[in-house]
Structure formats: C-alpha cells, structure tokens
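Just so it is clear, none of the values below were taken in a lab; they were calculated from the coordinates. A quick note: this is a predicted structure, and the numbers were derived from the prediction, not measured. Glycine also receives a Cβ, built like all others from the backbone with ideal geometry; neighbour counts cover every protein chain displayed.
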Amino acid sequence: MKNKISIGIWMCLLWLIIGNCVDEFDAHLSDNNKSLLVVEGNIVSDSTVVFSLSRSFSLNVEGLPPDYNLVNAEVSVVGSDGSCFNGVALGQGKYQVVIGTLSKDIGYSLKIVYDGDTYTSEPQQPIVTEGIDNVSFEQPESYGDIHIKIATHSQEAAYYMWTYEEDWEVRAEYSTVWFYDPLTGNVILYSKPPYALGWCHASSPETLVGTTGSSIGNRLENKRLYSIAASDHRVSCYYSSLIQQRKLSKGEYEYYQEKVKLNEGMGGLFTPQPSELPTNIVCSDPDKQVIGYVGVNMNVATHRLYISNKDIQYDNQLNCRIMEGEEVLKYTDDELYAMGFRLAFWSSFGREFCYWVPKECADVRELGATLEKPSFWPDEIN
C-alpha cells in the first residue's frame, strides 16, 4: 500500500535537515498538513535499532521549533505471529527497540501509538542482504581527492542503501609535554605528551542508494560512494570507514531516490511543481498522512576499510606557525592562551626562549578528537 504526499510536505522535513536556507518561503500547506508525523528508522533482526519521531512544520517558521521532536508515543515492532518488541523512550523523539531473531516467513511492522492515533507500517517479511565483495580507495591525481568505492553483486536485480561510520586517528604537529594552566598561571610538566594522540568519529551525512538492475550480471564494480579531499584532516594519519549495506524493497528504494533528488535539487524546489513521495505507513485516521518508510531486514552487510597516509598524498594545510623570541614578549602568557596559542616548549632561561603554537597544533582535542582509542583500532595500519 502506498500513500502519496505532496512535495510541499517533504520540504518541511528537508527544512529540519538543512536549516534556514532562504529568507522566507510559503509552502502553501493546508491546516491539516502543517504538522505531520515524521518517522525514521528500520527493523533489523538481532539488533538494537533507534526510531526517530518528529513533526513537520511550516517553512514560514525560522529555524527549528523547540518542540518539533517532542513526540511522546508508544513504539513497538510487531509480527504477524503475535510477537512484539517494545520500545524504550530515549528522549527528543527517539525510541530504542531491542529486536530479537526474526523469522523469514513472518511479516513485521512498526507500530506507533501517538496522540490518540495508531500508525502502522505495512507488514513485510525480512529481506536478506548479500555480503559486500570489496571496498577500496583510489587517488587518481597527485594530491587529488580520494575516492571510496564498493563492489557488490546479487543473483537478480536488487536495490541497496549504503551508510558509513568514519573513524580517524589524529596526531598533534607538536607533541608537547608542557601545558600552561590559565587558572593558576603555572606550567604543568607531564611525563609524556597528554594531548598528542586522539581519535575522531563521524557518521555518513548523506543518503546513498543504488541498484544492480542496470549493470551487467547484476554486479556493481567500483561504484564510488564518496570522496575525501587530500587536504582533509581525516586522512592526515590513519583513517577507517565501516561501510554498511542494506538491501531495499523497490518501494523503499523509490522513497530514498526521491529523498536524494530533493536534496540534490534544492535550487529548483521552490517552484510550485507537483511531486509525490511514497510511504508504507498508514494512520488509523485516514485523513492523516505520514512522512517516512520503514524497511525490514534480516541482516546488514558490513565491510571495514583502512587507509594509511603512507598510501596517499596528504596535502597538509594546517598552519602551525611558531611564536617565539621577541614576539612572545609582546604578550603575557594569559593573553597568548586567550589568543588561541598553546605552549609547545618551555624554557627556564626566560619567556623569550619558549615556543607557542596554534592550539590545534598541540592539542588534538581542538580538532574534535577524544583521547580514547576505539576498541577495534589496530596497533599499526600497513
């Protein structure tokens, strides 16, 4: 079953994602359509999943309304055999559901009880996702972009979504053991550099979908997923990407295709051209519509890629100019600290013999890193 939602409604959801990109826009939404339930998340066997619930709103509203994700509901995953996995509220419209082993012959749905209505996704039997054949990278040009590519295949035409989790190691340009404490005005000496090594994490910011239907032998070879600039600090040392592949139904694929098109074509969205977005979620009140599409999967295929800076040409554009000598004497230590400098070398012979560098060159925390090493991180890459 598919309900159709006008493009004006979907633009409200995009507003939640991209923020205030125009000064003013009148979506001409009817009163009934100004606040629709937005559902994000999928059902996966033997996993802990999080469903996000929020409300759409008029594009006349500036910024994010403070209550757009304050959705108090009852969330569960139910099977046609009577099985049920209840969700737990995490706050801000997020609900965690621990899902057990699903049966390939049973249809499963997401059930949401909210504001006196019941929302239910179309029952689907779990889809099995094939494994990923390979994930690779290439840098075709000297100091050019680094392309992350995937290879996968299926027995018949198939639809896929890919997401990725990034982790990367960062090292300070200056591994200093001295730290100036602005609260006490003292210089602390550590036995080893405390903030010279760290790790960052990020999740894929985009929706990536594809199909094997147009390829020879239902095989995708070296499909580019995303790229990283050679000057990006993610590849300054060691980089890792966990690629996740999930097989989609045709309906879910069409939903994400429309979502991708809307994201890529934002420049042309503000013309009153009609469009439709599919959904497999229905409300007990037939006059109420929903934004979202819930997939059901038996598994998600994964493949982890590692890249060492030894295998690429990294274009280091970090400016780590040293402030020393007479230049240091122009300022107090507190002023240097407030200006964004950190102590790289301390000398008892006088302040003019001390070195100060930009904070991001001496403290990896200034680059968004934490000091805790990921459990899967190898001792050496390559």
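Side notes on the structure shown:
- Across the stretch 276-294, the residues whose backbone nitrogen lies under 19 Å from the label position 7 Å along the beta-carbon direction of T207 are 276-282, 289-294.
- FRET E, pair R304, E335, Förster distance 45 Å, beta-carbon r, rounded to 0.05: 0.50
- Mean-position separation - Cα centroids, the stretch 157-233 and the stretch 99-127, in angstrom: 35 Å
- For the chain, modelled as a GNM whose springs connect Cα atoms under 10 angstrom apart, the maximal fluctuation among A338, A202, A89 occurs at A338.
- With 0.36 nm allotted per residue and the present C-alpha distance subtracted, the S215-W377 stretch has 54.8 nm of extension available.
- Sorted by Cβ neighbour density within 10 Å, fewest at the top, the residues V170, V75, V49: V49, V170, V75
- Backbone amide hydrogens, once placed in the peptide plane, bring G198 within less than 5 Å of V170, excluding anything fewer than 5 places away on its chain.
- In range of the label at F353: residues from the stretch 297-334 whose backbone nitrogen is under 20 Å from the point 7 Å along Cα→Cβ: 322-333
- Taking only the Cα atoms of the chain, the ratio Rg/Rh comes out at 1.05, with Rh defined as the Kirkwood radius.
- Estimated FRET transfer efficiency when R0 is 35 angstrom, pair T184-L318 (beta carbons, to 0.05): 0.75
- On Cα atoms only, tilt of 250-264 relative to the major axis of the chain in degrees: 50 degrees
- Between L225 and I148, K149, I150, the built amide H atoms are under 5 Å apart, and every one of these is 5 or more places off in sequence or on another chain.
- When each of C84, C283 is scored by the number of other beta-carbon atoms lying within 10 Å, the sequence from fewest to most is C84, C283.
- Neighbour net charge for N309 - beta-carbon separation under 14 angstrom, K R +1, D E -1: -3
- Positive minus negative residues near Y238 (Lys, Arg vs Asp, Glu; Cβ under 14 Å): -2
- Computed FRET value (nearest 0.05) for V50 with D115, which takes r as the C-beta separation and R₀ as 30 Å: 0.90
- The stretch 269-382: Rg to Rh, with Rh as the Kirkwood radius over Cα pairs: 1.29
- Degrees between helix 7-18 axis and first principal axis of the chain (Cα, 0 to 90, nearest 10): 20 degrees
- Exposure proxy ranking for F341, F376, F353, F85, based on other Cβ atoms within 10 angstrom of each Cβ and starting from the fewest, stands as F376, F353, F85, F341.
- Estimated vicinal HN-Hα couplings, Hz - the stretch 80-95 in sequence order (Karplus 6.51, -1.76, 1.60; Gly, Pro = x): 5, 8, x, 5, 8, 10, 7, x, 10, 6, 9, x, 6, x, 9, 10
- Which listed pairs, of K149/K247; K223/K310; K111/K223; K149/K359; K192/K330, have C-alpha distances above 27 Å, in listed order: K111/K223; K149/K359; K192/K330
- All other residues whose Cβ lies under 12 angstrom from that of G93 are scored, Lys and Arg at +1 and Asp and Glu at -1, for a net of 0.
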